[in-house]
Amino acid sequence: MTYIKYKRILPFRNRVLTPIRNFLWPSSLLDLVGSILVVFTIVETKVAFLERWRELLCEVGDYLYAYKDDRTSIANQLKLSVVLGTLMFAVLLYIRKLLLRLFLSYKGWLYEPPKNVSKWTVAWMLIVRVLGGWTPSTYSCQSSLPRMPVPILGSTIRKFMKSVKPVLSKEEYEQLKEEGKEFTKTLGTSLQFLLNLKAWWSPNFVSDWWEKYVYLASRSPLPINSNYYGFGNFTDRPTNIQSARAGAIIHYNLLFMLMIENGELPGTMIRNAIPFCMNQYKRVFSTTRVPGDEIDELVHTKFSDSKYIVVNRKGVMYKLDIFDSSGQLLSPKSFQDQIQWIIEDADSNQDKATQIPSLTGMERSDWSQVRKQYLTSGSNKEILRTVESAAFYIILDERAPKDMTEQGKFSITGDCKTVWFDKSVCVIFYENGKFCVNAEHTPADAPVSAHFLEWAMVRELGSYDDSGNCKPSKQSVTSKPTLLEWEMSEELNWHTKRAFNFIQRNNKDFDTISTNFDEYGKGFMKKQKVSPDAYVQLAFQLAYYRETGKTPLTYESSMTRLYLHGRTETIRSATSQSVEFVKAMVNNHPRKERISLLKKATDTHTLLYKESMTGKGCDRHLFALYIMCKAIHQESPFLKHALSLPFTLSTSQTPQGQADRPPFTMETRDRASPGGGFGPTSDQGYGVSYMFPEDSRLFIHVASKYSCPETNSTRFSESISTALQDMRQLLEG
């Protein structure tokens, strides 16, 4: 699929074919036709062994007045066949979906080694594949996904108390323990009952509240606090020409968006049988977080109203249509030509430049007031609608970052005056051909952004000629991008300068470093028969303890997309087993003992990871209980205490290999994305993101605040590298 005829194909597919296909999955229209033919064969064929079935169906036909006393009429037989065939198909389809949802509720397969599964799991997998039928489209599996169960209250309390025991003082732990006991005996029971009721009618008992209260209700500015960033290629980029790179990446990002709109993007599957929820993909493009006085609103624009992107070059903004006059998506070369025109036009029209985008980096209530006062009337209202409805937002920057750290520092806030932080996707293209994505967190989590980023990068490789420009195309584009001219009053100009200074101050406090650890990677860890994720988490624990002498309350993000509308759950990586290993390393216990403790700690972490994926974590349950408690106007000292404990170490692994292409190898590893980063969840802690691009390398991004005297991103990054080196030396002897 190179070009898509929007006018002729997309509306019909989106409104008719795609919903029908999704509704019928895991069956198809052929199955419906088959059911009708089976009924017609029984009714029309006079075969002895089918006589009883024929008589039964004819009696049903008489009851439905399908025959009108003429059973030999072909028209009546066809009418009966259509009615009964459709009913039979509908019943079988419902049963099939119900069975598939029931079988997908089984999660025992996740606890077995992939290369040594039980006979039951093999049989279960075969049944799932048979029930799953033909390859699903983007949203086909949604109706067959199980709903995430509400964990048992007592189990959640026990897991939580176990997780905080290595972190809290004895006195605080005992106080929290007593509060937990009191909560379980009293208010907890009624809250649990109400939460179970919500789980019956809501697609997911926690995800809607998580989006509303963690993201939209937050009044903190988006840069650093909410938005995250993701890199393009590491060092091996296919072109150094800014306009060419922008043209190709824009084209393939839009193809990805069109595949979502058409339902052509294959659903993400584990082991080619077990589907992930694709709900987050619906709003990854054409979506904006609109500020409110007390709570924001997430607004998704219909594709028919967002057939363009907005481009910002040095503060001058343009509307760029993505289709030509015949309804074809612009080719990479056409986009390059349009982008080059924008660069030249903007550089010669700097008197039109503004800092309007910096307003999106203010505190949310403040931005809401400025927006209502200055941007909801006249031409500013129309321009604002254009920006917020665009498929996504582009920044063409004149900088050329020298390394990952410089690029990461810039990517989180841009130049503080051109990134539209409210947009779900902002793509920054640098002068040297590098690029990054700045994404707002509310619509989708990082794996979704990583997916379309990787998908575009693996497909752009054949887009360039020997000079680094996009290959010529026969497409003819005569229209030029539309200049967006804001009406700037003295008061609005003052607010934009204030917002710019505000973001700049916050950005100066952002201490980040991105490193490439290439001494070894997950290949070595797998040879030691330990989970790479668990191994790296232990290195974080060891590095933090060596630096502070303390055990950090640690957050690691895990997906819960095995369930309908699932988003994330917390893995509490600081465990009693990890503490034992860390102290044994620090105190140089015998090698055999340290290795044993390492294996025990990684096994514990792996179990926690699987429990989080299967909806058995404790954090989202406690959060939902807290929101329910507020909803009925009650107070819980336990929930308030439990949820106020700060995660001084917040971590997340960015997935790799989501595109349908072979994974990166030693020869091609420099083409891989180094992942991305985010700000610390606690001003007194660290935010750490990491990625395994292939078996021999690990990218690590560390962030903290300069204003905290106890943290230092460079120092902590070096401590992690030392910990990784020491752990390898331990295992190799």
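The values are calculated or read from the model by the stated rules, or taken from the named source; none is laboratory data. The model shown is predicted, which means the values in this text are computed figures rather than measured ones. Glycine gets a Cβ as well: all are built from the backbone with ideal geometry, and neighbour counts include every protein chain shown.
This table checks each residue for (1) β-branched (Val, Ile, Thr); (2) touching a Pro at 6+ places or on another chain (Cβ under 8 Å).
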residue: Lys115; (1), (2): no, no
residue: Ile127; (1), (2): yes, no
residue: Gly132; (1), (2): no, yes
residue: Pro146; (1), (2): no, no
residue: Pro149; (1), (2): no, no
residue: Thr184; (1), (2): yes, no
Margin query: Just the residues that are touching a strand residue (DSSP E or B) at 6+ places or on another chain (Cβ under 9 Å) and either surrounded by fewer than 24 Cβ atoms within 10 Å (Cβ to Cβ) or free of Cβ contacts under 8 Å to residues at least 40 places away in the same chain (or both), please, taken from the range 693-706.
Written below: Arg697, Lys705, Tyr706
Check: Taking the range 132-152 as the search range and keeping residues that are in contact (Cβ under 8 Å) with a residue 24 or more places away in the chain and under 21 Å from Leu197 (Cβ atoms), which one is surrounded by the most Cβ atoms within 10 Å (Cβ to Cβ)?
Finding: Met148
Next item on the list: Return yes when Gly315 is at positive phi and touching a helix residue (DSSP H, G or I) at 6+ places or on another chain (Cβ under 9 Å) and no when it is not.
Entry: yes
Checklist line | Members of the range 693-717 that are under 17 Å from Gly521 (Cβ atoms) and in a helix (DSSP H, G or I) | finding: Ser717
Note to self: Given the criterion over 21 Å from the mean Cα position of the chain (by Cα), under 27 Å from Tyr563 (Cα atoms) and assigned by TED's automatic domain parsing to the domain that holds Gln725, identify the matching residue among Met691, Met628.
What the structure shows: Met628
Margin query: If I filter the range 631-654 down to residues being within 24 Å of the chain's Cα centre (by Cα) and in a loop (DSSP other than H, G, I, E, B), which single residue comes out as surrounded by the most Cβ atoms within 10 Å (Cβ to Cβ)?
Written below: Thr654
Check: Among Ile383, Ile412, which is among the aliphatic types (A, V, I, L, M) and either crowded, with 21+ Cβ neighbours inside 10 Å or within 25 Å of the chain's Cα centre (by Cα) (or both)?
Finding: Ile412
Check: Among (1) in the same structural domain as Lys417 (by TED's automatic domain parsing); (2) touching a helix residue (DSSP H, G or I) at 6+ places or on another chain (Cβ under 9 Å), which single condition is Asn240 missing?
Finding: (2)
Item checked: strands (runs of 3 or more DSSP E) fully within the range 267-313 counting 3 or more residues that are β-branched (Val, Ile, Thr) -> 287-290, 308-313
Notebook entry, point to check: What residue, of Val82, Val16, is in a helix (DSSP H, G or I) and at pLDDT 75 or above?
Noted result: Val82
Item checked: Test for Tyr106: is it in a loop (DSSP other than H, G, I, E, B) and either under 25 Å from Arg147 (Cα atoms) or at pLDDT 90 or above (or both) -> yes
Next item on the list: Quick one: which residue in Val458, Val437, Val448, Val427 is aliphatic (A, V, I, L, M) and either surrounded by fewer than 16 Cβ atoms within 10 Å (Cβ to Cβ) or in contact with an Asp or Glu (Cβ under 9 Å, 6 or more places away or on another chain) (or both)?
Entry: Val458
Next item on the list: Just give me the residues in the range 335-356 being under 14 Å from Arg498 (Cβ atoms) and either buried (at least 24 other Cβ atoms within 10 Å of the Cβ) or outside the structural domain of Ile395 (by TED's automatic domain parsing) (or both), in sequence order.
Entry: Ile356
Notebook entry, point to check: Does at least one position in the range 592-608 carry a residue that is assigned by TED's automatic domain parsing to the domain that holds Phe205, closer than 22 Å to Val214 by Cα and touching a residue at least 60 places away in the same chain (Cβ under 8 Å)?
Noted result: no
Check: Any idea which of Tyr252, Tyr318 is farther than 30 Å from Met488 by Cα and not in a loop (DSSP other than H, G, I, E, B)?
Finding: Tyr252
Next item on the list: Could you please find all residues in the range 599-624 being more than 17 Å from Asp533 (Cα to Cα) and in a helix (DSSP H, G or I)?
Entry: Asp619, Arg620, His621, Leu622, Phe623, Ala624
Next item on the list: Would you check if Leu222 is buried (at least 17 other Cβ atoms within 10 Å of the Cβ), within 16 Å of His441 (Cβ to Cβ) and out of contact with any Ser or Thr (no Cβ under 6 Å at 6 or more places or on another chain)?
Entry: yes
Margin query: Can you go through Arg96, Arg52 and tell me which one is of a type in the set (Lys, Arg), over 51 Å from the mean Cα position of the chain (by Cα) and either at pLDDT 70 or above or within 30 Å of Ile274 (Cβ to Cβ) (or both)?
Written below: Arg52
Next item on the list: Identify all residues within the range 694-733 that are over 26 Å from the mean Cα position of the chain (by Cα) and closer than 15 Å to Thr512 by Cβ; write none if there are none.
Entry: Tyr706, Ser707, Cys708, Thr711, Asn712, Thr714, Arg715, Phe716, Glu718, Ile720
Check: Given the structure, is Lys307 under 30 Å from Ser143 (Cβ atoms), free of Cβ contacts under 8 Å to residues at least 60 places away in the same chain and not assigned by TED's automatic domain parsing to the domain that holds Leu562?
Finding: no
Next item on the list: Please enumerate the residues belonging to the range 617-657 that are of a type in the set (A, V, I, L, M) and closer than 30 Å to Phe231 by Cβ.
Entry: Leu649
